[in-house]
Amino acid sequence: GENVEQHPSTLSVQEGDSAVIKCTYSDSASNYFPWYKQELGKGPQLIIDIRSNVGEKKDQRIAVTLNKTAKHFSLHITETQPEDSAVYFCAASKGRDYKLSFGAGTTVTVRA
Amino acid sequence: DTGVSQNPRHKITKRGQNVTFRCDPISEHNRLYWYRQTLGQGPEFLTYFQNEAQLEKSRLLSDRFSAERPKGSFSTLEIQRTEQGDSAMYLCASSSPPVDEQFFGPGTRLTVL
């Protein structure tokens, strides 16, 4: 099965700085890579996703990059704000409506 | 509220008891997923349905676990003879074409004493 590894497990950044989270996956058949944000007491919420035919995708302050050859993908958050503090999960799947394999999560803390 | 809803939000039970959780997906979403999340970990896939058909079950889903979606709308997840290792957050998600994004509910937190 698919194995997704995520680093770092915790990340503390100063407000306004950038945050980068990296993930690797094992199954070359995976072609869909979403990122979820989970706040305390809530379910994960999709913040951005990327498919294997695209190398990079950006949405305002967040961007994802994908390197299919190396089987790794990254989340970049620029100009971090206190409301960005949460747990972020990467995931991999063979399709958007297929089961997701998640990484272990990164706890991001934005210091004011 | 048109999001995914789960009930109960919290359940405390004694080891050996049976528990049942309910998930109401977003209206007309034909796919429904169950995941389990333990503290400090990402969600792990348990099973999923397309309409009323259960399409796949994870090896994590032992014979003590059963899930149903009888009319293709809400779903129930039952755990029989609960064990302390069953303590976790049980998450439900739903999706539907053409968007296919999986929308998650708030989860049911199970504590087995």
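Taking the stated definitions as given, is A:THR65 in contact with a strand residue (DSSP E or B) (Cβ under 7 Å, 6 or more places away or on another chain), touching a residue at least 60 places away in the same chain (Cβ under 8 Å), of a type in the set (Ser, Thr, Tyr) and closer than 22 Å to B:GLN102 by Cα?
no
Would you pick out the residues in the stretch B:8-49 that are acidic (Asp, Glu) and more than 20 Å from B:VAL112 (Cβ to Cβ)?
Residues satisfying the conditions are B:ASP24, B:GLU28.
Just to be sure, is A:GLU79 more than 14 Å from chain B (Cβ to nearest Cβ), of a type in the set (D, E, K, R), over 26 Å from B:ALA93 (Cα atoms) and out of contact with any Pro (no Cβ under 7 Å at 6 or more places or on another chain)?
Against the criterion (more than 14 Å from chain B (Cβ to nearest Cβ), of a type in the set (D, E, K, R), over 26 Å from B:ALA93 (Cα atoms) and out of contact with any Pro (no Cβ under 7 Å at 6 or more places or on another chain)), A:GLU79 qualifies.
Out of the stretch B:76-106, which residues are within 14 Å of chain A (Cβ to nearest Cβ) and more than 17 Å from B:GLN6 (Cβ to Cβ)?
Correct list: B:SER96, B:PRO97, B:PRO98, B:VAL99, B:ASP100, B:GLU101.
Just name the residue that is farthest from A:PHE89 (Cα to Cα) out of those in the stretch B:38-75 that are in contact with a Phe, Trp or Tyr (Cβ under 7 Å, 6 or more places away or on another chain) and more than 14 Å from chain A (Cβ to nearest Cβ).
Selected residue: B:ARG69.
Which pairs have Cβ atoms under 6 Å, sit 6 or more apart or on different chains, and link a residue in the stretch A:93-112 that is at the interface with chain B (Cβ under 7 Å from one of its Cβ atoms) to one that is among the aromatic types (Phe, Trp, Tyr)?
A:ARG96/A:TYR32; A:LYS99/B:PHE45; A:PHE102/A:PHE89; A:GLY103/A:PHE89; A:GLY105/A:PHE89
Which residue, of A:PHE102, A:PHE73, is of a type in the set (Phe, Trp, Tyr), out of contact with any Leu (no Cβ under 9 Å at 6 or more places or on another chain) and modelled with pLDDT of 95 or more?
Exactly one of A:PHE102, A:PHE73 is of a type in the set (Phe, Trp, Tyr), out of contact with any Leu (no Cβ under 9 Å at 6 or more places or on another chain) and modelled with pLDDT of 95 or more, namely A:PHE102.
Considering only the stretch A:12-35, I want to know if a residue exists there that is away from every other protein chain (no Cβ under 14 Å) and within 24 Å of B:MET89 (Cα to Cα).
No: zero hits.
Is it the case, given these coordinates, that B:GLU28 is over 25 Å from A:PHE89 (Cβ atoms), of a type outside the set (Val, Ile, Thr) and modelled with pLDDT under 95?
For B:GLU28, the condition - over 25 Å from A:PHE89 (Cβ atoms), of a type outside the set (Val, Ile, Thr) and modelled with pLDDT under 95 - is met.
Can you name the residue in the stretch A:82-92 that is surrounded by 16 or more Cβ atoms within 10 Å (Cβ to Cβ) and away from chain B (no Cβ under 14 Å) and, of all such residues, is nearest to A:GLY41 (Cα to Cα)?
Residue satisfying both the conditions and the ranking: A:SER85.
The values are calculated or read from the model by the stated rules, or taken from the named source; none is laboratory data. Fair warning: this is a prediction, and the values are worked out from it, not measured in the lab. Because the Cβ atoms are built from the backbone with ideal geometry, glycine has one as well, and the counts that use them run over all protein chains shown.
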